[in-house]
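> Would you mind keeping the following structure in view while I ask a few things?
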Amino acid sequence: MKVTEHIAAAKGKTLFSFEIIPPKKGRSIQELYDNIDPLMEFKPPFIDVTTSREEYIYIDRDGLLDKKLTRMRPGTLGICASIKHKYDVDTVPHVLCGGFTKEETEYLLVDCQYLGIDNVMALRGDAMKEQRYFEATNGGHQYAKDLVEQIANMNRGNFLHEVVETDNCSNFCVGVAGYPEKHIEAPSLLSDLKRLKEKVDAGADYVVTQMFFDNKRFFEFCDKAKEYGIDVPIIPGIKPLAIKKHLQLLPQVFKIDIPQDLVDAVEACKDNKAVRQVGVEWAAQQSKELMDAGVPVLHYYSMGKSDNIKAIAKTVF
């Protein structure tokens, strides 16, 4: 079932969803289940599963360093299939431009179709660690808009090297990212909204935002998006603060603002256990206000841990 169909079926009721990260290569999927299990009582209609792009590692071979390309967190599609089988919940695999050619992307999407996966999240992805700016993979897409167009073409039966019968074409619901405080590389919020409109015009069906800690930023973003002609559902992404280091790390990595009241509350904490509680309380208050405003879904970035997400959901749902 598509994300947009879940939203329509809810008839104005705010839904609960969350995002998980595949375990590192060689780790058991059971640790993933252990973090999903406590959240199932809130009946998520769908769960997002992230995809990691490739990275370089160096292997010592008799005193010489051998540069090798690898993926530290493989298995996104397998995890999606496992979640669907174990919990009977729809999944949303993340599909990236970075690290994938157009052909590899098509193979992935064909596999999604075979597995009965109805939704995908189309993202550009981040630059590799050794890159200052994002560089497209040779034979891959430069922008998320181009990735959305490829998926939309497949939905019409237009594959890269052939056209298939209408009965055999895909029918993906496509999500894309939105940035209430603008993308890190965008010169302004309006220019970023222009990029978002291009993704929607290319075929995106809904938007999930980057984390934010000030609901005013989200509401202003939604108003401006509507003025810009973006009329698809916009889902707020929420991440509770968990450690003091987040005060420096999150603004540095994501270029977002943290309200001074939240900064003061975290700085007053004696340890990270207290920080975690502050993060839960702040995110719960955010969630209640967003729910009162009628958002279609509250989407939580769990980062592989569920205890704080469960504490928030118990307060809100």
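> Any idea how far apart residue 158 and residue 87 come out in nm if each label point goes 7 Å out from Cα toward Cβ?
So the label points at residue 158 and residue 87 sit 3.6 nm apart.
> Another question, if that's okay. Determine the sum of side-chain charges near residue 185: Lys and Arg each +1, Asp and Glu each -1, restricted to other residues whose C-beta is under 12 angstrom from that of residue 185.
+3
> Hey, fewest Cβ within 10 Å first, where do 291, 154 land in order?
So the residues, fewest neighbours to most, are 291, 154.
> Taking the dipole about the Cα centre of region 3-239, with the C-beta of Lys and Arg at +1 and of Asp and Glu at -1, give me whichever of 229, 23, 184 is farthest to the positive side.
Of the candidates, 184 comes out farthest on the positive side.
> Add -39500 (n - 2.57) for each DSSP H run of 4 or more in the chain, then divide by its residues: what number comes out at 222 nm, to the nearest 500 deg cm²/dmol?
Roughly -12500 deg cm²/dmol at 222 nm, from the helical runs in the chain.
> How high is the FRET efficiency from residue 115 to residue 257, r the C-beta distance, R0 35 Å, rounded to 0.05?
Step by step, r from the Cβ atoms, then E = 0.30.
> In addition: Whole number please: convex hull volume per residue, Cα atoms of the chain, in Å³.
Hull volume over Cα atoms, normalised by residue count, gives 155 Å³.
> Restricting things to Cα coordinates, could you compute the convex hull volume per residue of region 248-294 in Å³?
Each residue corresponds to 85 Å³ of Cα convex hull volume.
> Can you pull a Stokes-Einstein diffusion coefficient for region 129-168 at 10 °C (1.306 mPa s), Rh from Kirkwood over Cα pairs, as a whole number of µm²/s?
For the chosen part, D equals 133 µm²/s.
> Over the chain, with a Gaussian network built from C-alpha contacts below 10 Å, which listed residue (240, 23, 187) shows the highest mean-square fluctuation?
Answer for the Gaussian network model of the chain: 187.
> Oh, and also: What ranking do 183, 161, 141 get, fewest neighbouring Cβ atoms within 10 angstrom at the top?
Least to most surrounded, the residues fall as 161, 183, 141.
> Now a separate question. What's the Kirkwood radius of region 176-264 in Å, using all Cα pairs?
Averaging 1/r across every pair of different Cα atoms and inverting gives 13.6 Å.
> Would you list 231, 214 from fewest to most Cβ contacts within 10 Å?
With the sparsest Cβ surroundings first, the list reads 231, 214.
> To continue, here is another question. Based on alpha-carbon positions alone, could you give the equivalent ellipsoid semi-axes of region 212-317 from the gyration tensor, as √(5λ), descending, whole Å?
25, 16, 12
> Checking the cross-link filter: which lysines have an alpha carbon closer than 24 Å to that of residue 25, excluding same-chain neighbours under 8 positions apart?
Qualifying lysines at Cα under 24 Å: 67, 68, 84, 86, 129, 305.
No lab work stands behind these numbers, since they all come straight from the coordinates. Remember, predicted model here, so these are calculated numbers, not experimental data. When we count neighbours, we look across all protein chains shown, and the Cβ atoms used for this are built from the backbone with ideal geometry, even at glycine.
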